[in-house]
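Only one structure is covered here, and it is reproduced in the block below.
The values are calculated or read from the model by the stated rules, or taken from the named source; none is laboratory data. What you see is a predicted model; the values in this text were computed from it and never measured. Note that each Cβ is placed from the backbone with ideal geometry, even for glycine, and that neighbours are counted across all protein chains shown. The accessibility values were calculated without ligands, DNA or RNA, using every heavy atom of the protein model including side chains. Shrake-Rupley method; radii C 1.70, N 1.55, O 1.52, S 1.80 Å.
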Amino acid sequence: MHVETGDGIVIEYDTFGDPADPAILLVMGFGTQLLGWDAELCRMLADRGRYVIRYDNRDCGLSTKYDDVPVDLMDLIGAVMSGDLDRARAKSPYSLRDMASDGVGLLRELGIERAHVVGSSMGGMIAQKMAAEFPEHVLSLTSMMSTTGEPEYGQSTPEAQQVLFSPRPTDRAGYVAAAERELAWASRKYGDPSTLRALAAASYDRSYYPAGVPRQLAAMILDGSRADALRALEVPTLVIHGLDDTLIDPSGGVRTAELVPDATLVLIEDMGHDRPRAVWSQLVETIYEHTERAKVSGRGE
């Protein structure tokens, strides 16, 4: 399913559960399609009485793509590393705020005034932006395996960074096999090569589109620090981070919870920069309880 949210932006989405239940909007991370939110995990949330919506960010999956603005990933990284942010900004056709606006636009088109927003990794940054820029549409915020945009927090290990920025093969077999590299930041206990390969295969078949990656990266990097905006948040906030995360160090989650007034921090053992099946029940229960507490605070429905 898809909707047009304005300015010609088309957002692909799907849903789980009863539309009469409180909505949870799931925001996915960097270069990852809505498939990154496993359908079974979505159904588990729906079974707890939530209307679950997952969607493709712009420049990913089946949502609007910016084919007319090609960006070379290595050139973009070079501009950022050299401190030439003006050159980097010139390469970016949209901002993280624009990506946050897409999620709000999707809610609007679905006739949903407010939702509980759950974002993972870059999706957590987008969700933070939604809560800061569009608080009237956010019942509660869950920022998962994300960070604040401050360079001293949430840094990747060199190994994880090398994997993130190493191009994958373009043929299907090579692309699927290369997914195993993501074990570099997965749960040390539950990281599963077969699960990574299966997601890569499904993503490749649905919409192989590496061209969107550098543009999303530009939007993420150029957003800068969200520290001041996080300090000013009045949205009930839950921060979740895996202690095995090497792509975004747990300090990113700890710092987020420090900045947001009255935020709840949950650090999960045996979770990396992934959502292994073994922790799904804990994630679902933690998110469900957070959305229930938002009702008590007067923000829920």
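In summary, SER146 fulfils each of the numbered conditions (1) more than 15 Å from LEU247 (Cβ to Cβ); (2) among the small types (Gly, Ala, Ser); (3) surrounded by 24 or more Cβ atoms within 10 Å (Cβ to Cβ) with the single exception of condition (1).
LEU106 meets each of the listed conditions (1) under 15 Å from the mean Cα position of the chain (by Cα); (2) closer than 18 Å to HIS137 by Cα apart from (1).
Put simply, of GLU285, GLU234 the only residue that is more than 16 Å from the chain's Cα centre (by Cα) and over 25 Å from GLU152 (Cα atoms) is GLU285. Scan the stretch 169-212 for residues that are surrounded by 15 or more Cβ atoms within 10 Å (Cβ to Cβ), of a type in the set (D, E, K, R) and within 28 Å of HIS241 (Cβ to Cβ) and the total you get is 5.
Which of the residues belonging to the stretch 114-146 are in a loop (DSSP other than H, G, I, E, B) and in contact with a strand residue (DSSP E or B) (Cβ under 9 Å, 6 or more places away or on another chain)?
Across the stretch 114-146, the qualifying residues are ARG114, SER121, MET145, SER146.
Taking the condition open to solvent by less than 40 Å² (accessible area, probe 1.4 Å) and under 23 Å from ALA39 (Cα atoms), does VAL260 pass? In short, no. Pairs meeting the criteria (first residue in the stretch 192-215 and closer than 22 Å to LYS91 by Cβ and of a type in the set (Gly, Ala, Ser), second residue open to solvent by 20 Å² or more (accessible area, probe 1.4 Å) and not in a helix (DSSP H, G or I), beta carbons under 9 Å, at least 6 apart or on different chains) are ALA211/LYS65; ALA211/TYR66; ALA211/ASP67; ALA211/PRO70; ALA211/VAL71; GLY212/GLY31; GLY212/LYS65; GLY212/TYR66.
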